[in-house]
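Asker: Quick one: this structure, given as structure tokens, is what I'll be asking you about.
Computed from the coordinates by the stated procedures, all read-outs in this text should not be read as laboratory data. Keep in mind it's a predicted model, so treat the numbers as computed, not measured. FYI the Cβ positions are ideal-geometry reconstructions off the backbone, even for glycines, and counts take in every protein chain you see.
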């Protein structure tokens, strides 16, 4: 019963944090949008990072106590839950960053083409979103466009976007975009260069994965096939030794 209570407490704390943040955002939306956006993004990002760890620790401790009712098993389960949460978060972050990176060259090309045709930055941003395929990147960029529409400065909006992404390569592109906007430089040339840089990074990532493919193929063999072979070969010898001796 105690383990179930701990698991419920962890889930309630995690969902409670998310609900509290959403209520806080709705309240601030009705009061002063321009002042709270950057701070709210930072607070939400920080709490969103810690919530999975909290749930993992609590559920791990609850499972440990459910298996063996001892404080030691609870501590071991908490560390196990923390490790599983860290691995799952790292893998999820890698997948999300990869999905954004795959779509980023198309967005940069569209934005650069629109700007080179003499379209304003806001109109070029909207044009690029209209022709961009659905995905995580498009959702993030739509949110940034909404910040443009309510009067939030482009510099702060792009900074908030970099905080949400938490990706060194994509955040670097946003930094260059902010600098180009503030200094009045030719943005479309920079966008085309960064699109080529993203394609190069995608190609290098795919080549790296292709090189590690043989190792990944060997893992199932080492984990599943070799133990079965050892069991078949030495298991019969062990049974013969137990029955007849040397």
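Asker: Only one of these is part of a helix (DSSP H, G or I) and more than 19 Å from the chain's Cα centre (by Cα): 176, 170. Name it. Let's see the steps before the verdict.
Answerer: Details: 170 fails: more than 19 Å from the chain's Cα centre (by Cα).
So the residue among 176, 170 that is part of a helix (DSSP H, G or I) and more than 19 Å from the chain's Cα centre (by Cα) is 176.
Asker: Is region 189-207 home to any residue that is outside any helix (DSSP H, G or I) and either surrounded by fewer than 17 Cβ atoms within 10 Å (Cβ to Cβ) or out of contact with any helix residue (DSSP H, G or I) (no Cβ under 9 Å at 6 or more places or on another chain) (or both)?
Answerer: Going residue by residue through region 189-207, those that are outside any helix (DSSP H, G or I) are none.
No, that holds for no residue.
Here's the yes/no breakdown for (1) surrounded by 14 or more Cβ atoms within 10 Å (Cβ to Cβ); (2) touching a helix residue (DSSP H, G or I) at 6+ places or on another chain (Cβ under 9 Å); (3) under 20 Å from residue 98 (Cα atoms):
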{"site": "114", "(1), (2), (3)": "yes, yes, no"}
{"site": "119", "(1), (2), (3)": "yes, yes, no"}
{"site": "133", "(1), (2), (3)": "no, yes, yes"}
{"site": "138", "(1), (2), (3)": "yes, yes, yes"}
{"site": "152", "(1), (2), (3)": "yes, yes, no"}
{"site": "157", "(1), (2), (3)": "yes, yes, no"}
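Asker: Could you say which residue among 192, 224 is over 30 Å from residue 110 (Cβ atoms) and over 25 Å from the mean Cα position of the chain (by Cα)? Steps first, answer last, please.
Answerer: On the way: 192 fails: over 30 Å from residue 110 (Cβ atoms).
On inspection, the qualifying residue turns out to be 224.
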